[in-house]
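One structure below.
The values are calculated or read from the model by the stated rules, or taken from the named source; none is laboratory data. If you're wondering where the values come from, they're calculated on a predicted model, not measured in any experiment. Cβ atoms come from the backbone with ideal geometry, glycine included; neighbour counts cover every protein chain shown.
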Amino acid sequence: MSEFFKNIGKIAYEGKGSDNPMAFKYYNPDEVVGGKTMKEQLKFALAWWHAMGGDGTDMFGCGTTDKSWGQCDPMARARAKVDIAFEIMDKLSIDYFCWHDRDLSPEFGSLAETNAKFDEIVAYLEQKMKENPSKKLLWGTAKCFDHPRYMHGAGTSPSADVFAYAAAQIKKALEATVRLGGQGYVFWGGREGYETLLNTDMGLELDNMARLMRMAVDYGRSIGFTGDFYVEPKPKEPTKHQYDFDSATVIGFLNKYGLANDFKLNIEANHATLAQHTFQHELRVARVNNMFGSIDANQGDTLLGWDTDQFPTNVYEAALCMYEVLKAGGFTNGGLNFDAKTRRGSYTMDDIFHSFIAGMDTFALGLRIADKMITDGRMDKFVADRYASWNTGIGADIISGKATLADLEAYALAKGEVTDSLTSGGQEKLESIMNNIMFNL
Ligand code: XUL
Ligand code: CO
């Protein structure tokens, strides 16, 4: 297919002094930061639904961007989306992409026909990937929340028939993920929650959600899927209460149902803030539980209580995010998927590129800062010193399991009031160090 964005060339790294809006100022794919190239550390991905399908439609109005890609026929459009997505990725040096089944090709009446058409597009995508071996599927997922049949949920629907339909859809999406070499498969519980407990059997719904995940794991492993399953927490929207509320809730759920060995978390920044957490909190909870997997990179608006899915431009947040990623040992199967859409008013084709450039430069800065936070060492040393009482003496005895409650009583009685091991939390000092690191790059 011929070039779609004829007036936009390959986006080059020009450095922080450049004023070219169509250039990277901080993202230099082959530069080594923290022992790996930026490309390897950041593993950027394009989200098919926003980049190729999102046209700016919101609750108050129709789309502002033409995302028909010049094609009226749905299958011709689906193929054009493949070609144009690859052009966008190529021009932006993005190596990964993510999709819902229905982002690739829509529903066509019967499930059999929908599946046949989906297979055609997956085959087209597979061929395209063969021709462009640097482009890889980060993760796939099934859109089990859009169609009216899912109005009461998919895995948590009161209807067993709907559960079966969702299972069929997930089976197909898993097959496509494996066929395309994807190393991740996401469960985002789009309508897996409730509007009112007056009509809801919560216990059954949670058990069923786990049953669906267990079936997906068993089937996925049986067809050779060796990657990670992910749950993507979100506290609300579209339902009033989503079962996958936040990282801690999801980890408890996965442990309860024996799914923790096959699943990790896909953490989204805007979902974290909807749960009244920071992005870093959600990542930290995942990391300390060895459940960190992948990231949906975006940001919300502090004044709005919904999922605005903005391209991430907050460098401070990106730095704290990348600090958690580096401390987790970096990405393995996961990556940074821009689950983000251009604002409704940013409706031009150029805006697509400006948005990705902004997001990628933000995370490049975040990576540089996070690496410096670690090599600088002041912050990590502060934390290590703060907990030093656990390394020797009574602290070490508690950790080793040697000390009993009675031993601690005897210790406290002998020691008297605690004074010498209390030190300042140093919050402002650390915030000042953070600023010093950020502005001395
Ligand atoms: C919705 C959301 C989804 C998931 C995939 O808030 O984040 O796009 O990432 O289903
Ligand atoms: Co997401």
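The residues of the range 290-304 that are surrounded by fewer than 24 Cβ atoms within 10 Å (Cβ to Cβ) and either part of a strand (DSSP E or B) or away from ligand 2 (no atom under 13 Å from the Cβ) (or both), listed by number, are Asn290, Met291, Gln299, Asp301, Thr302, Leu303, Leu304.
Could you please find all residues in the range 1-24 being hydroxyl-bearing (Ser, Thr, Tyr) and either at pLDDT below 95 or in a loop (DSSP other than H, G, I, E, B) (or both)?
So the first thing to find is which residues in the range 1-24 are hydroxyl-bearing (Ser, Thr, Tyr), and the list is 2, 13, 18.
Answer for the range 1-24, where residues must be hydroxyl-bearing (Ser, Thr, Tyr) and either at pLDDT below 95 or in a loop (DSSP other than H, G, I, E, B) (or both): Ser2, Ser18.
Looking across the range 122-142 at every residue that is in contact with a Phe, Trp or Tyr (Cβ under 8 Å, 6 or more places away or on another chain) and among the charged types (D, E, K, R), the one that is farthest from Tyr230 (Cα to Cα) is identified as Lys128. Out of all the residues in the range 44-66, which are assigned to a loop (DSSP other than H, G, I, E, B) and either closer than 27 Å to Gly184 by Cα or within 16 Å of ligand 2 (Cβ to nearest atom) (or both)? Gly54, Asp55, listed by residue number. Per this entry, Leu422 is not counted among residues that are at pLDDT 95 or above, more than 30 Å from Lys36 (Cα to Cα) and over 35 Å from the mean Cα position of the chain (by Cα). Of the residues making up the range 96-121, those that are in contact with a Phe, Trp or Tyr (Cβ under 7 Å, 6 or more places away or on another chain) and either farther than 18 Å from Glu175 by Cβ or part of a strand (DSSP E or B) (or both) number 5.
Residues of the range 122-142 that are part of a strand (DSSP E or B) and either basic (Lys, Arg) or free of Cβ contacts under 8 Å to residues at least 60 places away in the same chain (or both): Lys136, Leu137, Gly140, Thr141. Inclusion of Ile84 among residues that are closer than 30 Å to Asp361 by Cα and in contact (Cβ under 8 Å) with a residue 40 or more places away in the chain is warranted. Restricting attention to the range 39-68, the residues that are among the aliphatic types (A, V, I, L, M) and touching a strand residue (DSSP E or B) at 6+ places or on another chain (Cβ under 6 Å) total 4. Among the residues making up the range 69-91, those that are touching a strand residue (DSSP E or B) at 6+ places or on another chain (Cβ under 7 Å) and closer than 18 Å to Asp55 by Cβ are Ala85, Ile88.
In the list Phe118, Phe187, which residue meets the criterion of being under 24 Å from Val231 (Cβ atoms), among the hydrophobic types (A, V, I, L, M, F, W, C) and under 24 Å from the mean Cα position of the chain (by Cα)? Before you say what the answer is, go through the steps one by one.
Numbers: Phe118 fails: under 24 Å from the mean Cα position of the chain (by Cα).
When all the criteria are applied, what remains is Phe187.
Taken over the range 275-291, the criterion of being under 26 Å from Ile94 (Cβ atoms) and within 16 Å of ligand 1 (Cβ to nearest atom) is satisfied by Phe279, Glu282, Leu283, Ala286.
Filter the range 96-126 down to the residues that are more than 16 Å from ligand 1 (Cβ to nearest atom), surrounded by 21 or more Cβ atoms within 10 Å (Cβ to Cβ) and not aliphatic (A, V, I, L, M) and list them by number. Of everything in the range 96-126, those that are more than 16 Å from ligand 1 (Cβ to nearest atom), surrounded by 21 or more Cβ atoms within 10 Å (Cβ to Cβ) and not aliphatic (A, V, I, L, M) turn out to be Ser105, Phe118.
Looking only at helices (runs of 4 or more DSSP H) that lie completely in the range 314-428, which have at least 3 residues being in contact with a Phe, Trp or Tyr (Cβ under 8 Å, 6 or more places away or on another chain) and more than 16 Å from ligand 1 (Cβ to nearest atom)? Steps first, answer last, please.
Details: elements: 315-327, 349-376, 378-386, 393-400, 405-415.
Correct list: 315-327, 349-376, 393-400.
Of the residues making up the range 305-316, just one is farther than 26 Å from Asp55 by Cα and either within 16 Å of ligand 2 (Cβ to nearest atom) or surrounded by fewer than 17 Cβ atoms within 10 Å (Cβ to Cβ) (or both), namely Tyr316.
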